[in-house]
Structure formats: structure tokens, C-alpha cells
Amino acid sequence: MDIIPFIQFTMNSRYITRWIYTGILIYIPVLNFFSLGYLSKTSRVTTIGGLGLPTWENKYEIWVEGIKVIFIFILYEAVPFFLFSCGFFLTTLSNITAFFGSITVKLSYIALFICSFFLPFALATFSEQYDFRSALEFENIFRGIKEVFIPYLIGYLATAVALYLCTLLIKIPYLVGFLLSSILTYYILLVATYYFTELFKTTTLSTVRITEDIIPDGL
């Protein structure tokens, strides 16, 4: 999937403010619902019309949509969160339990990487159908991923590496690192949303593709 046109579009001075202020909020609880909701709306705009960014006319709707997105994230990350919590608790008890606790914490990172693998298509499914339950239909999402596995895997790994590098920026002092990390993290998520949504549209998961197959162009 070619993301260059999208990057050029989002860097246009007319549209850059649509996402840059939201990027500052991505690390702030409750306010980051706006950020997540905007990602979901961007996915919906991409599904329907391709290249573009949604407006901020309905801020409350975006915020509510962000709440639904965060619940999807929580449900997918329940296992790694549970492992991390248990591991951290074990490390505080004794030297013996601390050994097993450290192993459990490391396993939670692996679980996080695996469980997060399904989130891009879960978000795309939810955004297209605006149905919370559809994002949790794991078998359907896994089937869609298998249809485009190689580009999906490449996109996921590239996104994961880029997000990790953004976390390193937080070490820059005087809130400069925090702001840079927030904005760049969100922009990477925005570009990834576009990439995975375009990929999603090529699979049998997309109702847009199904409609186009049923109703040929020109009819």
C-alpha cells in the first residue's frame, strides 16, 4: 500500500491542524478518547472515500467513539495485562517468586506483541461497520489477515519499531520529549490506520468490497 500520498496530504498546511493537536492528547487519559475516536473516523473516511481526513464538527461523537475503541483495546490486551500484573506482584513477594515474576513479565511483553497483532483489522472492522461486536469476531478478523498476511506483517512490524523509537524521545527534558513523542506517536498511528484500512478494503472482511463485487461499476 502506497502511504506517500496520504503523508503528503496530512502534511498540507490546510489539514495538519486536524491531527497535530489531537496528537498532543494521546498520552493524556480521558482526553485521549478524542485521539482514538479520530483514528476510527479516519479509518471510516478511508474506507468510504480513500484519501482524506475527517473534520471536527461532531466532537462529542468522536469522543464517544474513542471510548468504544479503548474498550476494544482493553479486551484484546486483557491477557498481556493480566500476565504483567501477576508478574509484577510476584516480584514484590520474595526472591524465589521474583524469579518467576520476572519471567511472567517478559511473557506479558510477548503476549502484548501477539495480541496487538490483530488490533489494526479489529479497528478497521469496527470503523467500517460501527459495530462493537464485529471488532471481537476473532475468527473473521484472523481470516482477513491471512488473505493479506505478508503486507500486514510488514506494516505491523514497521509500526511497532516506529512506535518503540518514539518512546525513546520521552527522555528529552523540559517536556520537549513528551510533546515530540506524543505527536510522532499519534502520527504513526494515523498513517498506520490509513495503511491497514486500505489493506482491509482488499479483503473479504470489507463490506465495501462485497458491495462493489455484487454491483459492478456503471450499474
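So if I check each of Asn95, Asn58, which one is free of Cβ contacts under 8 Å to residues at least 12 places away in the same chain, of a type outside the set (Asp, Glu) and within 30 Å of Thr207 (Cβ to Cβ)?
Asn58
Among the residues making up the stretch 181-219, those that are at pLDDT 85 or above, of a type in the set (Val, Ile, Thr) and assigned to a helix (DSSP H, G or I) are Ile183, Thr185, Ile188, Val191, Thr193, Thr197.
The requirement of being under 30 Å from Ile48 (Cβ atoms), at pLDDT 90 or above, under 15 Å from the mean Cα position of the chain (by Cα) and among the aromatic types (Phe, Trp, Tyr) is satisfied by Tyr152.
Against the numbered list (1) surrounded by 12 or more Cβ atoms within 10 Å (Cβ to Cβ); (2) part of a helix (DSSP H, G or I), Tyr60 comes up short only at (1). Of the set (1) closer than 20 Å to Gln8 by Cβ; (2) without any contact (Cβ under 8 Å) to a residue 12 or more places away in the chain, all apply to Ile28 but (1).
For the stretch 133-150, a residue qualifies if it is in contact (Cβ under 8 Å) with a residue 12 or more places away in the chain, part of a helix (DSSP H, G or I) and touching a helix residue (DSSP H, G or I) at 6+ places or on another chain (Cβ under 6 Å), and the qualifying residues are Ala135, Ile141, Gly144, Ile145.
With respect to Phe34, is the statement that it is touching a residue at least 12 places away in the same chain (Cβ under 8 Å), under 16 Å from the mean Cα position of the chain (by Cα) and more than 19 Å from Ala122 (Cβ to Cβ) true?
yes
The values are calculated or read from the model by the stated rules, or taken from the named source; none is laboratory data. For clarity, every value in this text was computed on a predicted model and none was experimentally measured. Cβ: placed from backbone, ideal geometry, glycine included. Neighbour counts: every protein chain shown.
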